[in-house]
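Asks: Have a look at this one.
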Amino acid sequence: MNLLSNHADPSQTNWDTLAQDAVAPFAHQIDRDARVPSQVISALREAGAFASGFPGPTAVSPSAELPPPLTAALNHGHMHQALGAASASVQGVLNVHHMGGSALAKWSSKAQKSHWIPRLRSGEICCAIAMTEPEVGSDISAVQTRATPVTGGYVLSGKKAWITCGDFADLFVLIASTEAGPTAFLLPKETKGLWIEPIEGMLGCRGYMMANLHLEAAFLPEDHLLGRPGFGASHVAVTGLEAGRLNLAWGCVGLAEAACKLALQRAKTRQQFGAAIGDFQLVQQLLARMTTDIHAARLLCQSASSARALRQMDAAKQATMAKYFASQMVGRVTHDAQQIFGAEGIGPNTPMALYYRDARIMEVIEGTTQVLESMIARLALSEVQVS
Ligand SMILES: Cc1cc2nc3c(=O)[nH]c(=O)nc-3n(C[C@H](O)[C@H](O)[C@H](O)COP(=O)(O)OP(=O)(O)OC[C@H]3O[C@@H](n4cnc5c(N)ncnc54)[C@H](O)[C@@H]3O)c2cc1C
């Protein structure tokens, strides 16, 4: 297959249909095997999922009444929402591809763009982002992986930890420390001196295909530097994280919607004490909380996607708030949905148990809840002028 020409325009894909037909049937297999099967990856590729969100020749629907960037941003968000409902693991794989890809698209040279972006858009290669280390989590400005300048490039040594798609991606946007400060590099997986150690037994999102990356005197040529030396954490990683927070927030909305939909069906059909459990006011309270919580998160996502598309000043704050709220919301919703299912929600291989385990991941990645609280407060404080 010619991957460069055969993928669809993502704006023309019906993401709900694609996610339900080509992804959802594999959700339990993905959890069991801790791997996204190749037929799912192929379906995503052919639907244009890898291309979504990238700059490039993506047409927007001619009938769209919204301005083109807004249509594309909402379509992109909707894709992550639909995938989140079908499989949080698959949503995460595409999320890190779009995180690394958006950082690359923004900070790469002309030559780097023309070399990498068509291959990333087509899904011929998958991208991931490697910031975290065993001793460096929330504070990525303190990365210890060292990049030493040598003739013609850099030699990298160190370890990256907890990397989504570490055992799948072809290209990593990696942050390492240099004299100038944290600096971003493009690290192809076939680089000599890179050793990939898969991580097994994750609580949820097992299809993230996680790995630790070990770098032992790995040489990268000069043209694998991404952006300026010293810009790795403050610019390149921030671009990826801003995109990732919003994608993840949409994914959480989808996951919560899927759990809530099943809980509503269960509440209508499960009979106890001679009545449907949905007739009991205490169960109704759970359903009311879930429905309202999801709607609030969806509105935050829509607003944040609009702000991003229209380049509003507060776009980063809105994306942070959307992720902050949606990642906690999905925890509450999957907990309550599981409660409505009783034992059926806890038993082996049930959708509810998978939703619950997957949801637990969301408050840790792309900025923990506590770190995002500090960020939102700082951004809000910076908007206030005191005379
Ligand atoms: C499933 C999964 C996928 C991941 N994928 C990737 C990936 O693709 N790429 C990547 O680079 N990393 C990835 N990570 C790592 C993730 O980004 C980190 O786990 C996250 O940044 C938090 O770092 P940490 O786990 O070291 O926790 P720490 O930073 O050690 O934090 C521990 C606790 O302290 C709190 N804390 C820390 N600093 C503050 C502060 N300033 N104020 C208040 N509280 C604070 C945190 O909120 C948390 O509760 C992934 C992790 C998981 C679990």
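Here, each number is a calculation from the coordinates, and none is a lab measurement. Just so we're clear, the structure is a prediction, and the values are computed from it rather than from any experiment. Using ideal geometry, Cβ is built from the backbone for each residue, glycine included, and neighbour counts are taken over all protein chains shown.
Asks: Explain nothing, just the number: relative contact order of region 199-289, from Cα pairs under 8 Å at least 6 residues apart, as a whole percent. Intermediate values should be presented prior to the final figure.
Replies: On the way: 28 pairs, mean separation 11.1, N = 91.
Relative contact order, region 199-289: 12 percent.
Asks: Then there's this: If you put +1 on each Lys and Arg Cβ and -1 on each Asp and Glu Cβ, how big is the dipole of the chain around its Cα centre, in Debye rounded to 20?
Replies: On the way: 30 positive and 32 negative charges, 64 e Å.
Charge dipole, the chain, about its Cα centre: 300 debye, nearest 20.
Asks: Just round it to a whole percent: the fraction of Cα-Cα distances in the chain exceeding 41 Å. Intermediate results must be reported in sequence, preceding the final value.
Replies: On the way: 9505 of 74691 pairs.
Counting pairs separated by more than 41 Å, the tail of P(r) holds 13 percent.
Asks: Pairs to check: K113/K159; K189/K261; K113/K323; K113/K261; K189/K317. Give those whose C-alpha atoms are more than 31 Å from each other in this structure. Each step should come with its number before you reach the end.
Replies: Numbers: K113/K159 27 Å; K189/K261 40 Å; K113/K323 29 Å; K113/K261 42 Å; K189/K317 33 Å.
Beyond 31 Å: K189/K261; K113/K261; K189/K317.
Asks: Evaluate Rg over Rh across region 7-122, taking Cα atoms for both radii and Kirkwood's formula for Rh.
Replies: Details: Rg = 14.3 Å, Rh = 14.6 Å.
Using Cα coordinates only, the ratio equals 0.98.
Asks: Read phi for every residue in region 280-287 and hand back ³J(HN,Hα) as whole Hz from Karplus 6.51 cos²θ - 1.76 cosθ + 1.60, θ = phi - 60°, with x for Gly and Pro.
Replies: Couplings: 7, 5, 6, 6, 4, 4, 4, 5 Hz.
Asks: May I ask you to derive the FRET efficiency for L299 and V150 from their Cβ-Cβ distance with R0 = 35 Å, giving the value to the nearest 0.05?
Replies: 0.10
Asks: Any idea what % of Cα-Cα pairs in region 233-382 are farther than 25 Å?
Replies: 35 percent
Asks: To the nearest µm²/s, what D does Stokes-Einstein give for region 127-229 at 25 °C and 0.890 mPa s, using the Kirkwood radius over alpha carbon pairs as Rh?
Replies: 181 µm²/s
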